[in-house]
Amino acid sequence: MKFPSKTVLTVALLVLTTAAQAAQRPKVALVLSGGGARGIAHIGVLKVLQDAKVPVDCVVGTSMGAIVGGAMATGMSPQKMEQEVLTADWDHIFGDKPKRQDIPYFRKRDDQKDYFDFTLTMKDFWPVAPRNLVGVHYITQFFRLLTGGIEAEQFDQLPIPYRAIGADIENGKTVVMSHGDLPLVMRASMSVSGVFPPVPYENYLVVDGGIVKNMGIDEGRKLCGDVVIAVNVSSPSTNRQKLESLFAVSEQTINIAVQKDMQAQIATLTPQDVLITPEMGKLSPTDFKEAPQFIAAGEKAAKASLKQLQRYALSEADYQAWQQQVESRKPKQRNISKVQITGTRWVSPQVLKSLLAVKTGEPLQQEQLHHSIDKIYARGDFERIAYQLF
């Protein structure tokens, strides 16, 4: 079938025009700060950016900003993020104890024992406390859910290029993570010292990046940003009337250091950049169950900056073209060709394979895989279980 040459020419001109406009527009870097549960407000900002048709060419995040940024980098929509956050069982995620229905019968018989409780180990006849108060199995599973199983050797290869910021606990240096196991990198960026264990990355031992660079505006510019949209969800300083407990004083001490670097980063913003600071009142970094309020605060703050944001908005056609480009960078789903078990000493790899809901020659069913991994974890034989796609 032949098309009239005039029609073909018109289509070609439209494609060329869209491509030219995309090439001419400034590149937008989205920089998301840390702030614990307050970082859920980032999702509200993303919803407004989507509605306003503002494209994001790269994303840099610290701590909770790295979690939302990592999910965005895989192409997850803000609506899907919102759904996952609102339906998350935060007590289960942070409690790190298996659900009773996942625990095998021989463990249920020992209900008076808690195989997942706080314990002290001994070294040279001295008690040694664990390096963390919170387990990481279920929170890592949650991060894998947020990334949809999408992996990339280099984070520049993700649908939206991405960087996560952490801190080396040995020397206090900033660690900008640009490759590796994405969910593990996300967890490293938010591994609050004493709460979560440090995460090895290259030659570093990484903890929460908020203590060294809670808002990586400079990293956003390096990565892609002609323009930076920065979102600050950090906690405000506390006045002396509220500094009545040791915890409050410790939190304030950390916050002073965080704010000092953040203000230096914010000072580099130009009139072309956009700074969004959601107002969250008394909501704290631990109020994960207040997710609806955080998201609403993010939306409200972004809408207040809408006039500035609209300078970088695209037409309907150009925005759809950008969305299609992001979608096209997602890896195509492939069939599982091989399952390999590593790191086990006492349990047979063949037994573990038989317990996994993975079939070679078929696509990965992430929800089923997670359920089977949770059942293996509930046996109490392993401190940590992770998987990676190659």
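Going by how many other Cβ atoms sit within 10 Å of their own, how do 170, 82 line up, fewest first?
Numbers: 170 12, 82 18.
Ranking 170, 82 by Cβ neighbours within 10 Å, fewest first, gives 170, 82.
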I need 173, 47 ordered by Cβ neighbour count within 10 Å, fewest first. 173, 47
In whole Å, largest first, what are the principal axis extents of the Cα atoms in the range 257-390? 60, 41, 29
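Once fully extended, how much extra length lies between residue 340 and residue 357, figured as 0.36 nm per residue of separation less the alpha-carbon to alpha-carbon distance? Walk me through the numbers before you get to the answer.
Values: separation 17, 0.36 × 17 = 6.12 nm, distance 1.35 nm.
Residue separation times 0.36 nm, minus the Cα-Cα distance, leaves 4.8 nm.
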Expressed in nanometres to one decimal, the distance between label points 7 Å along Cα→Cβ at residue 311 and residue 222 is 2.5 nm
Using the number of other C-beta atoms within 10 angstrom as an exposure proxy, rank 186, 177, 76 with the fewest first. 76, 177, 186
Modelling each spin label as a point 7 Å along the Cα-to-Cβ direction, I'd like the residue 382/residue 154 distance in nm, to one decimal. 3.1 nm
With 28 Å as the limit, write out which pairs from 47/97; 332/353; 80/375 have Cα-Cα distances beyond it, or answer none. 47/97
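Which shape class, rounded, prolate or oblate, goes with the range 288-347 when its Cα gyration tensor gives a ≥ b ≥ c as root eigenvalues, a/c under 1.5 marks rounded, and past that a/b bigger than b/c marks prolate? Display every interim value, and only then the final one.
Numbers: a/c = 4.92, a/b = 1.63, b/c = 3.02.
Judged from the Cα gyration tensor, the range 288-347 comes out oblate (a/c at least 1.5, b/c at or above a/b).
All of the numbers you see were taken from the coordinates with simple rules; none came from a lab. No experiment lies behind these values; they were computed from the predicted model shown. FYI the Cβ positions are ideal-geometry reconstructions off the backbone, even for glycines, and counts take in every protein chain you see.
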